[in-house]
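These notes concern the structure reproduced below.
The values are calculated or read from the model by the stated rules, or taken from the named source; none is laboratory data. Computed from a prediction, not measured in an experiment: that's the story for all the values here. Cβ sites come from the backbone with ideal geometry, for glycine too, and all protein chains shown count toward neighbours.
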Amino acid sequence: MTKTISLVKLAGALALGLFLSNAAQAGLITGLVAFSGSVTLGDNGVADANLATVNEALNYAGVTVGYGTQTGAFASLTDGQAVTMANPWFFNDSTPITNFWKVGNFSFDLSYSNVITQTGSFLNVTGFGTLHDTADGYDATNGIWSFTIPSSGFGTAHFTFASSTSAIPDGGTTVMLLGVGLLGIQVALSRRKKR
């Protein structure tokens, strides 16, 4: 009878551990948000309007949240809300930039970015990094975004920027707790056999 009660206690403790582990996770930032505005492009620090040769964004103006583009966690952002962008930013770069963009309670730390398409009439850069939330309790979340310019003016271009995230299944915590649980059951069964 004592051995049965010990196994029941062990199983109960493991179930409580799993519950507390899941309850501690606030959740990942999911959804979509788009920005638009003007950007002065450059080629190694010199303003340049030729999309085929530019390699950086020197500075931004009038960057706002696009109208009706907010979904998921970003639904709290309002149409036309001001966005702060870090500058300068080199397109093909692996230098991290903290607070690459900030809007409302969300910010994005850039890990690296790559030019996907670059011609005289189109530029597309994709970046990867981590989204953060300061108000709604979301966990830091890996995210991806795309920066596109369909054509360039004289030194200043209009761009769109879309950030998208989706939940990645949590394998680490669950697998770890499952392993600890199985180990605990195995130890309990081993003790039972020795007696």
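Would you mention how many residues in region 45-92 are under 20 Å from the mean Cα position of the chain (by Cα), under 16 Å from PHE147 (Cβ atoms) and of a type in the set (S, T, N, Q)?
5
Scanning for something surrounded by 20 or more Cβ atoms within 10 Å (Cβ to Cβ), more than 20 Å from THR30 (Cα to Cα) and in the same structural domain as ILE149 (by TED's automatic domain parsing), does region 62-84 turn up at least one residue?
For region 62-84, residues surrounded by 20 or more Cβ atoms within 10 Å (Cβ to Cβ), more than 20 Å from THR30 (Cα to Cα) and in the same structural domain as ILE149 (by TED's automatic domain parsing): absent.
Give the number of residues within region 66-83 that are modelled with pLDDT under 95 and in a strand (DSSP E or B).
Summing the residues that are modelled with pLDDT under 95 and in a strand (DSSP E or B) in region 66-83 gives 0.
Can we say ILE116 is at pLDDT 50 or above and of a type in the set (Val, Ile, Thr)? Before the answer, list the steps.
Numbers: at pLDDT 50 or above: yes; of a type in the set (Val, Ile, Thr): yes.
In short, yes.
Mind telling me which of the residues PHE108, PHE128, PHE154, PHE147 ends up being modelled with pLDDT under 90 and in a strand (DSSP E or B)?
Sole residue among the options that is modelled with pLDDT under 90 and in a strand (DSSP E or B): PHE147.
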